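So the structure is just underneath, and the comments pick up after that.
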Amino acid sequence: AEVVIATTNAGKLKEFEKMFREKGIAVKSLLDYPEIPDIVEDGDTFAANALIKARAVARRLGVPAVADDSGLCVDRLNGAPGVYSARYAGEPKDDAANNRKLVGELDKLEPLPRPDDAAHPKALSPARFVSAIALVDADGTPLAEVEGTCEGVIIREPRGSGGFGYDPLFYVPQLGRTLAELTLEEKNALSHRGQAIRKLWDFLT
Ligand code: ITT
Ligand code: NA
């Protein structure tokens with residue numbers, strides 16, 4: 001079996017590949033189809049954008065497709081960057097610039113008065129990652145729409161070199177580590193995307 005994941009994000013793709021391979025499903029991505037033009041993601045929600053990306057690719061290739069739209073929602077920034085996570089610091093997409101902007105925005109706020117005991121001593125804000133995944137058939141009809149979330153706190157100093165995006169700033173108090181300090185397998189076991197992908201298995205068999 002094989003499925004196309006409507007993504008050009010190499011970090012995201014690795015996480016999909018590992019979990020799909022374990023189920024005996026090979027994955028392709030938009031990196032295999034450079035002729036497909038950029039998809040305009042103009043939805044208001046992660047779920048809407050996931051459907052837009054999956055449909056665009058299914059229609060173009062005439063095969064079923066899966067897409068993930070995801071992002072970081074930071075409590076003390078009223079949910080920002082949210083659906084704008086990929087381009088928080090502007091064009092072009094730049095993870096390092098996004099991370100600097102995130103810490104910069106949180107540094108403008110009053111320090112948290114009393115970090116709770118479970119949190120990192122330098123926690124800047126509670127936050128959560130959200131992943132919305134859509135599976136559509138070859139003509140773009142939705143077959144599944146699932147979501148996963150992962151709770152943590154944003155810290156000031158990046159830690160770890162795994163993962164991608166905001167992972168070095170996303171600290172999970174229960175683990176005492178950031179997502180960038182986890183192996184791919186450990187991240188998939190608890191991440192927003194891992195949870196959403198596990199919800200998808202029911203629909204892929
Ligand atoms: P595709 O649309 O091609 O899949 P993208 O990176 O543009 O790639 P999104 O529009 O879904 O994907 O934006 C997601 C952004 O949210 C991503 O670029 C990261 O900045 C952030 N993000 C999402 N999941 C993450 C994760 O697991 N770890 C760290 N950052 C994540
Ligand atoms: Na997006």
* Asked: So which residues in segment 62-79 are over 24 Å from residue 164 (Cα atoms) and within 15 Å of ligand 1 (Cβ to nearest atom), if there are any at all?
  -> none
* Enumerated strands (runs of 3 or more DSSP E) restricted to segment 73-174, each holding at least 1 residues that are of a type in the set (Val, Ile, Thr) and in contact with a Phe, Trp or Tyr (Cβ under 6 Å, 6 or more places away or on another chain) -> 123-136, 142-155
* Give segment 4-36 a look and list any residue that's part of a helix (DSSP H, G or I), of a type in the set (Lys, Arg) and over 12 Å from residue 68 (Cα atoms), or say none. => 14, 18, 21
* Could you please let me know if residue 70 is in a helix (DSSP H, G or I), surrounded by 14 or more Cβ atoms within 10 Å (Cβ to Cβ) and of a type in the set (Ser, Thr, Tyr)? => no
* Asked: Mind checking which pairs have a first residue in segment 69-81 that is farther than 13 Å from residue 148 by Cβ and a second that is more than 10 Å from ligand 2 (Cβ to nearest atom) and aromatic (Phe, Trp, Tyr), Cβ under 6 Å, 6 or more apart or different chains?
  -> 72/129; 72/166; 81/88
* Scan segment 42-63 and give yes if some residue there is part of a loop (DSSP other than H, G, I, E, B) and at pLDDT below 95, otherwise no. => no
* Hey, residue 184 within 14 Å of the chain's Cα centre (by Cα) and more than 16 Å from ligand 2 (Cβ to nearest atom) or not -> yes
* To do: Look at segment 151-173 and say how many of its residues are over 17 Å from residue 195 (Cα atoms) and either of a type outside the set (Phe, Trp, Tyr) or without any contact (Cβ under 8 Å) to a residue 40 or more places away in the chain (or both).
  => 14
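The values are calculated or read from the model by the stated rules, or taken from the named source; none is laboratory data. Bear in mind the structure is a predicted one, so any value in this text is a computation, not a measurement. Ideal geometry is used to build each Cβ from the backbone, glycine not excepted, and the neighbour counts take in all protein chains shown.
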